[in-house]
Amino acid sequence: MKVIMGVDESPHATAAVEFVKKMKWPKDTRFVVLSAVSPVAMAYAEAYVPSPAYALEISNELLKSHEETAANAERTLRNAGFETEAKVLNGDPRDVLVELAKNEGADLVVVGSHGRSGMAKLIMGSVATHVVTHAPCSVLVVKLPSGRK
């Protein structure tokens, strides 16, 4: 069985990793832990235009942060006895998760749910909703235990 697990720096992703860690999985299950780096959108006023070096610095810091996030989640699962691999890819997390699931022939995608609703969901979108509706396989959406945010 191949499982793609989307992670970010949120407590929702941590809850998903902990949930997966506690479940029983078939012996041949392999986890691909993915953190997706969204493109940097530079905003600037007419009087100030950031230099290309500044944009590159921000992109490098984001990449480093995502690499640490994926490595930490991958290490947690590996230490629990699972076969794991960490990946960091560029792009919108919604699209990257769905594409990786297709390309890897995944049997399951696991994501944490931020639980946004209303205007926040409309503005920021929902990775979980997109993955559930577009993934080529089953999707497990893990929510934080009641009372934690």
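Here are the numbers for the structure shown:
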quantity: Among the residues listed as Asn79, Asn72, the single one being closer than 21 Å to Lys143 by Cα and at pLDDT 95 or above; calculated: Asn72
quantity: Unmet criterion (only one of (1) modelled with pLDDT under 80; (2) closer than 19 Å to Ala15 by Cβ) for Ser113; calculated: (1)
quantity: Residues of region 4-42 classified as farther than 15 Å from Glu83 by Cα, assigned to a helix (DSSP H, G or I) and not charged (D, E, K, R), total; calculated: 7
quantity: Flag for Leu34 being among the hydrophobic types (A, V, I, L, M, F, W, C) and modelled with pLDDT under 80; calculated: no
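For (1) more than 17 Å from the chain's Cα centre (by Cα); (2) at pLDDT 95 or above, each residue gets a yes or a no:
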site	(1), (2)
Val17	no, yes
Trp25	yes, yes
Ser38	no, no
Ala55	yes, no
Asn60	yes, no
Thr84	no, yes
Leu89	no, yes
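The values are calculated or read from the model by the stated rules, or taken from the named source; none is laboratory data. Note that the structure is a prediction, hence the values are computed from the model and not measured. No Cβ is skipped: glycine too gets one built from the backbone with ideal geometry, and neighbour counts run over all protein chains shown.
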